[in-house]
Structure formats: structure tokens, C-alpha cells
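Notes to accompany the following structure.
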Amino acid sequence: MKCPFCQHLESKVSDSRLVDDGDAIRRRRECLECGKRFTTYERLDEIPLLVVKKDGRLEVFNRNKIINGLLKACEKRSVGLDTIEDLVNGIERELRNRTDHEVTSKMVGEMVMDRLRDLDEVAYVRFASVYREFRDASKFIQLLKSLKS
């Protein structure tokens, strides 16, 4: 592993631990040349997961887009970052376990909404209002009524 500071090719590993529910290994390294420490992550090289957008374009799955949307929906709610990450990890795991490596953006959005509904109703309504692109109050009212039933 090349040192990011001096580009030397040899380092020693001082600590290794599993992260992301065992999907990756985090290694603390120390450069044998300059002595500086840096962190590397080892992950399984996977076939990319592609998302088919509404207009038919293909885009590589980006978990950060989901996290950012959830952070906005959960703003000022008692939903922690760990909970959001767990939710996204579950969605990503489910998508990657499929035999088809192309999923629709609608499928991803519905998965997020299903999980968010159980987690926090206010965050669910916020997310749904953006995701479903409500143009008038009647659609919003229908969504709120569906939560009551």
C-alpha cells in the first residue's frame, strides 16, 4: 500500500477491524519510511448496481444520495445517523442480493419510504412529499389520511 504522504510502498498494519457489518476491513497503517499513519479500507469488489432513472438513463447506485435525502427528511427529528446508516445498509444489501443488477429508481424510493414509514411518520411525510412530487394539497392530505388507517 502506497503511503499517501511520501509515496513509499511499504507500511505496517497496526490495527485491523471489521466495519460496515463485516462488509469491510479497516486497517490502520504506519509508513515504514516517514512514520506517518493512515487508514485503508478493504472491500469486496462487486459488480456495480445500476439504477434506471425515470427517463431511462442508467446511473451507478449511490448510497450517499439516499443518506442525504434521509438526513433532510429526518432533520430536527430524533433519528440518529446510525439509524439512517442501518436503514441504507439494509436497502443496499437487499438490492445487491438480487440477481438483476439493474433496479428502478421507483423501486429504491419505495423501499426507502416503506422503511421510513415504520421509523418516523413525520420524516416519512417529508420524504414522500419530495419523492412523489406533490403538486397540490389534496395528494398531501391523501398521504396523511393513509397514515391514520
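With a cut-off of at least 2 residues that are surrounded by 14 or more Cβ atoms within 10 Å (Cβ to Cβ) and modelled with pLDDT of 90 or more, name the strands (runs of 3 or more DSSP E) lying wholly within the stretch 1-57. Full working, then the answer.
Numbers: elements: 11-19, 24-31, 37-43, 50-52.
Filter on the stretch 1-57 gives 24-31, 37-43, 50-52.
Does the stretch 92-114 hold any residues that are buried (at least 18 other Cβ atoms within 10 Å of the Cβ) and in contact (Cβ under 8 Å) with a residue 24 or more places away in the chain, and which are they?
If the condition is that a residue be buried (at least 18 other Cβ atoms within 10 Å of the Cβ) and in contact (Cβ under 8 Å) with a residue 24 or more places away in the chain, then 92, 95, 103, 108, 112 are the ones that fit.
Could you list all residues from the stretch 115-143 that are surrounded by 13 or more Cβ atoms within 10 Å (Cβ to Cβ) and at pLDDT below 70?
The answer is 132, 134, 139, 140, 143.
Which residue pairs have Cβ atoms under 9 Å apart, sit 6 or more places apart or on different chains, and have a first residue in the stretch 1-30 that is within 30 Å of residue 90 (Cβ to Cβ) and a second that is surrounded by fewer than 11 Cβ atoms within 10 Å (Cβ to Cβ) and small (Gly, Ala, Ser)?
Listed by first residue and then by second, the contacts come to 27/14; 28/14.
The values are calculated or read from the model by the stated rules, or taken from the named source; none is laboratory data. Computed from a predicted structure; not experimentally measured. Quick reminder, even Gly has a Cβ in these numbers, built from the backbone with ideal geometry, and neighbours come from all protein chains shown.
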